Each structure stands twice: as structure tokens, then as C-alpha cells.
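Peer 1: Structure provided below as C-alpha cells; questions to follow.
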């Protein structure tokens, strides 16, 4: 029960990222800063968390070069997958251009990210409660800006707080759903190699979203100083989270 509770709290911290949508809608500076910040967070998660975790997990089964090659291939497949989703999603003709598409892709990627996170949090806290609590806190910390990356684009493109809250809620639910899968089906089959592949695949998706979606969209409003500062602050925020937890 405690393992499920920790996973639930970690997942639903995503909803804290919806706070910016309750500020004044016409504030483009808030939009630019939110997109830049979320971009920095996603890039940092990918390069300092997901990819190293992927490599160390696969290294348990393979020596250095094959492990590196598997990580690189899965990372590229993740980017190609994200490009494909981007290409096939319908283009919404709205005041804020591609923002709706950015929000949907972010939601899909974060769902895919949160499910294995839920599995890991559940399995870790079941075997070592203290480590599980630390892991859940770290995940909760980086789920907040992930909520921003969904709720802000959806809200600004549609003007609907309900839609923004709904999509963010769905992404948050995916984490306890991962715990449920681990409890009912996956615990006997999940191993380091499988998790390593998932991590690198998800990293590819997140790098695509960060570099090719969130960051260009933030830059498109021609407030480069705000974009750069927000991106750097997002990177710093996540690095601080790694240091603390």
C-alpha cells in the first residue's frame, strides 16, 4: 500500500505544473518562460538521467561497446518515433500555431516516461522503503515542469483550462498505472536490459520534444533573452534536483 501511495504522489505532482495556466492568459512572457523552462528540464532529464541509467542497465548484460551501440540505436529510434508522431498529428490552425501539437506530443512522451517510472518506484519502494521515498521525491520534483510542458501549450492553444488539466491529469495517472502493471503483470519479467531499452527510447523522444518542439516554439516569440534564461534555469533546476536526491 505504501509503495502505491508513493507512486501516486510522485505521479500527481505533475498537476502542480498546471499552476501557470491560472495566471493571466495574455502574458506571452509567461508562455515563453514556461516553454523554455520545460525544454531545459526535458533535455537535462534525458542527458543526465535517462541515458546514463540506460547505459548502466544495459552494461549489466553487455560489454561497453555493444551496450553503447544499443543505447544509441534505441535513442535514435525514440527520436524517429517522435518525429513520426509529430508528422502525422493534424496541424491545428490556432492563434498560437503549433502549441496544441507540442502539448499533445509532450503528453504522449510523458505518459511513456511515467509508466516505467511507476514500475521502478513501486519495485524499489517494495524492496527498500527508504530508497523508494527518495526516488519518489526526485520523480515528483521533475514531474512538476513536465506538467508545465503539457498544460501551458494546451491551455494557450485552446483557451481551455479543462483540457489542459485533463491532459496533465492523464499523464499523472500513468505513473500509478505503471505501479499497477508492475504489481499485477510485470514484476517477474522486468529486468535491467528491458528498462535500459525503455530509458534510451524515451530519452530520444524527450530530446526531440525539447530541441525541436518546445525550444523553437519559445524562440518564435522573439524574446531570446527570456528563452535562454528559462532554458538554463530549467537545466539548473534539474541538476539541483539530482544533487539533492
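The values are calculated or read from the model by the stated rules, or taken from the named source; none is laboratory data. Values in this document were obtained by computation on a predicted structure and should not be read as measured data. Backbone-built Cβ (ideal geometry, glycine too); neighbour counts: all protein chains shown.
Peer 1: For the list (1) surrounded by fewer than 24 Cβ atoms within 10 Å (Cβ to Cβ); (2) touching a helix residue (DSSP H, G or I) at 6+ places or on another chain (Cβ under 6 Å), I need the number of the one condition that residue 227 fails.
Peer 2: (1)
Peer 1: Take the conditions within 23 Å of residue 137 (Cα to Cα) and surrounded by 15 or more Cβ atoms within 10 Å (Cβ to Cβ) and apply them to residue 197. Does it pass?
Peer 2: Considered against the rule, which asks whether it is within 23 Å of residue 137 (Cα to Cα) and surrounded by 15 or more Cβ atoms within 10 Å (Cβ to Cβ), residue 197 comes out as no.
Peer 1: What about residue 79, is it closer than 26 Å to residue 117 by Cβ and modelled with pLDDT of 90 or more?
Peer 2: On the way: closer than 26 Å to residue 117 by Cβ: yes; modelled with pLDDT of 90 or more: yes.
So residue 79 fits the description; yes.
Peer 1: With 155, 221, 167, 199 as the choices, which residue is over 24 Å from residue 49 (Cα atoms), in contact (Cβ under 8 Å) with a residue 24 or more places away in the chain and under 14 Å from the mean Cα position of the chain (by Cα)?
Peer 2: 167
Peer 1: Any chance you could count how many residues in segment 82-112 are over 20 Å from residue 220 (Cβ atoms) and modelled with pLDDT of 75 or more? Outline the logic, then answer.
Peer 2: Going residue by residue through segment 82-112, those that are over 20 Å from residue 220 (Cβ atoms) are 84-85, 88, 107-112.
So of that shortlist, the ones also modelled with pLDDT of 75 or more come out as 84, 107-112.
Residues flagged as over 20 Å from residue 220 (Cβ atoms) and modelled with pLDDT of 75 or more within segment 82-112 amount to 7.
Peer 1: Evaluate segment 127-145: report whether one residue or more is at pLDDT 85 or above and crowded, with 19+ Cβ neighbours inside 10 Å.
Peer 2: The answer is no, given that none of the residues of segment 127-145 is at pLDDT 85 or above and crowded, with 19+ Cβ neighbours inside 10 Å.
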